[in-house]
Structures are given as structure tokens and as C-alpha cells.
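One structure is given here, and the rest of the page talks about it.
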Amino acid sequence: MISAASDISSPVGVIAGGGAMPFAVAESLSQRGIAPVLFALRGACDPARVERFRHHWISVGQLGRATKLFRSEGCRDLIFIGTLLRPALSEIRLDWGTIRVLGRVWAAFRGGDDHLLSGIGRILEQDGFRMVGIRDVAPDILMPEGNIARATPDPASAADIARGREVLGALGPFDIGQAVVVIDGHVVAVEDIEGTDGLLVRVARLREAGRIRAKSGRGVLVKAPKSSQDLRFDLPAVGAKTIEGAARAGLAGIAVIAGHTIAADSQAMIEAADRAGLFIQGLSA
């Protein structure tokens, strides 16, 4: 993918799902003098926080309405950001614009999240829009390289990080998940439909049940994009909640790919890591 960062046109359309990320992107754009327009997904985007920005509400399945709104706002550049629970096709209320491309929408749904987002992105690009990524519109919220908290990985953690990267590299082509927990060289959990928070809850339960014998303070959460992933969509994300979950799971720290992982409120994340004595490492891509 060729970066569009030097050619971003204002305003930028932010197709906003759940969580804090859409608003972090909107703030970053505003600070750079680029107007954001949020297209808030019903049932996902925070209705209180979106009020701070120019916005429109859209529903999944309303491609026709969405494209009309994008054009009326003058948004050539679009970005998908935020969490979204994948709906069943039977739950989607289709408008004519979606019915017109239903075959391509159906094909997009037949795969993992990255396949879905990239498929919808291609449909929008064929309608004349340009899909951009976090690196293009809000590079300041991406994870830097190196250690950003007080704690640093010891040799055992460094070996676990290397093992985690190998496992994620092998799983990438299957579009399964973006995170794994490795403790003393053993892969104890892989991210599934529950996401990273659910993964860490699962590891905490395994420790409580005595299924993980390693003492607390060992093991690493490793996150990385899938090897075949379009880096404009569904980048891994970490925050203070991730650190809190890692601490409850008894891990030593987290390691993520620098430049390809979102860390919107990095200061809160660092403070949480320092309180818990965990490391945060940005790995070279």
C-alpha cells in the first residue's frame, strides 16, 4: 500500500464504530487542521461523545445512504475505525445501494474481519472514494518503537516475545486473531472472537484454576497485524484496559508492532503499566 499521508484532503470521513479510537482519530485530524466528519454506526458508536463533532448516523447495510452522505460532505478520503460486532446477514436492513452490490457484500462476509473490511473498502473505492489508514491520517496515535514504560523485558520475556511473533506469523494467513499469550515458551492462549480483553480474562481464569503453573509476573501478550492484512483496516490496538487485563492475568508485559498498532491514550497506558510493574515494548516491523 502506498501511503496517502501527503495527499489527505479535508474533510476526512471517519466511519466510526465503538470505543475511543474514532474520537482519538478525529482529535488528531483536528489538531492538524483537517476537518473530520464522523459517520457513526448505530449500535456501536458512543452517542454522547460523537456530539462533539460534525456527524451523521448510519446503519450497517446502508451503503447507498452512506455514499450519498460522504459525497454531500465532500469526503473523498474515508477511514474505518472502532469496534464493531459483526452482524448476521439476516440482521442487516439493506438499502438499494447495498442491494445493487449484494454479491460483493456477500463475498466480503465470507471470511474474517480483515476480509470483511477490505471487501467493503474495495466497494467504496469502486464508487470513487479512497480508503486511508491510521498511518495516513493520525500517525501520532501509533505505537513507537522501543520500551515506553519503566520496566523492561528480561531474557525470558524476550524469548516469549520471539515465540509469540512466530506463532502470529504462522496464524496470519488464516485471519484468526492478532494476539497470543506466551509463558515460558508455551503458547497458553490465542485471540479468538472474544478479542484481546477476553483473551486476557481467559488467561486470568486459567491461572486461578491452577492450569498455568508459572508464577505471576511471567509471560507476555504479543500483538501483531496478520501477515496478509491490509494495514488500512483493523490494526491491533492497546490501551490502559489492555495493561490492566495483562496485570490481572499475571503477565510481565506486552509487546506490539511499532507503527502498526494503535495506542490512542499512551500516557494513561504507560501510567497503568508503571503502577503494575509491566513493560510495554514496541517491536520493529
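The values are calculated or read from the model by the stated rules, or taken from the named source; none is laboratory data. Everything quoted here is computed from the prediction, not taken from an experiment. Note that each Cβ is placed from the backbone with ideal geometry, even for glycine, and that neighbours are counted across all protein chains shown. All accessible areas refer to the heavy atoms of the entire protein, side chains included, with ligands and DNA or RNA removed. Shrake-Rupley method; radii C 1.70, N 1.55, O 1.52, S 1.80 Å.
In terms of modelled amide H atoms, which long-range or inter-chain residues lie less than 5 Å from the amide H of Asn147?
Close amide H contacts, sequence-distant or interchain: Gly282.
How large is the dipole of the chain about the Cα centre if only Lys and Arg carry +1 and Asp and Glu carry -1, each at its Cβ, rounded to the nearest 20 debye? Display every interim value, and only then the final one.
Numbers: 33 positive and 31 negative charges, 90 e Å.
For the chain, the charge dipole is close to 440 debye.
For the chain, modelled as a Gaussian network with Cα springs under 10 Å, which listed residue fluctuates most, Ala48, Ala264, Ala189?
Ala48
Quick query: amide H of Val12 versus all other amide H atoms, modeled in the peptide plane; which residues come in under 5 Å with a sequence gap of 5 or more or a different chain?
Amide H to amide H, under 5 Å and 5 or more residues apart or across chains, Val12 pairs with Ala35, Val37.
Select from His186, His260, His56 the residue whose mean-square fluctuation is largest in a Gaussian network model of the chain (Cα-Cα springs shorter than 10 Å).
Maximum fluctuation in the GNM of the chain, among the listed residues, is at His186.
Which values, in whole Å and largest first, are the semi-axes of the equivalent ellipsoid of the stretch 168-211 obtained as the square root of 5 times each eigenvalue of the Cα gyration tensor?
With the √(5λ) rule applied to the stretch 168-211, the semi-axes are 20, 13, 6 Å.
Work out from phi, with θ = phi - 60° and the Karplus expression 6.51 cos²θ - 1.76 cosθ + 1.60, the ³J(HN,Hα) of each residue of the stretch 140-153, listed in order in whole Hz, and give x for Gly and Pro.
Result, rounded to whole Hz: 5, 9, 8, 5, x, 7, x, 8, 10, 10, 5, 6, 10, x.
Can you give me the accessible area per residue for the chain, using a 1.4 Å probe, in Å²?
Using a 1.4 Å probe on heavy atoms only, each residue of the chain averages 46 Å².
Over the Cα atoms of the stretch 187-229, compute the convex hull volume and normalise it per residue, giving Å³.
Enclosed volume per residue, from the Cα hull, is 82 Å³.
Using Cα pairs closer than 8 Å and at least 6 residues apart in sequence, work out the relative contact order for the chain, in percent.
18
With a 1.4 Å probe and all protein chains left in place, how much of the accessible area of the chain comes from carbon and sulfur atoms, in whole percent?
Solvent-exposed carbon and sulfur of the chain make up 52 percent of the total.
Which three lengths, in whole Å and largest first, does the chain cover when its Cα atoms are put on their principal axes?
Largest to smallest, the principal-axis extents are 57, 40, 35 Å.
Show me, bin by bin at 10 Å from 0, the whole-percent P(r) of the stretch 165-257 based on Cα pairs.
Taking every Cα pair in the stretch 165-257, the percentages come to 17, 53, 26, 4, 0.
Taking θ = phi - 60°, what integer Hz values does the Karplus form 6.51 cos²θ - 1.76 cosθ + 1.60 yield along the stretch 257-268, in sequence order, with x for Gly and Pro?
Result, rounded to whole Hz: 7, 5, x, 10, 9, 7, 9, 5, 10, 5, 5, 4.
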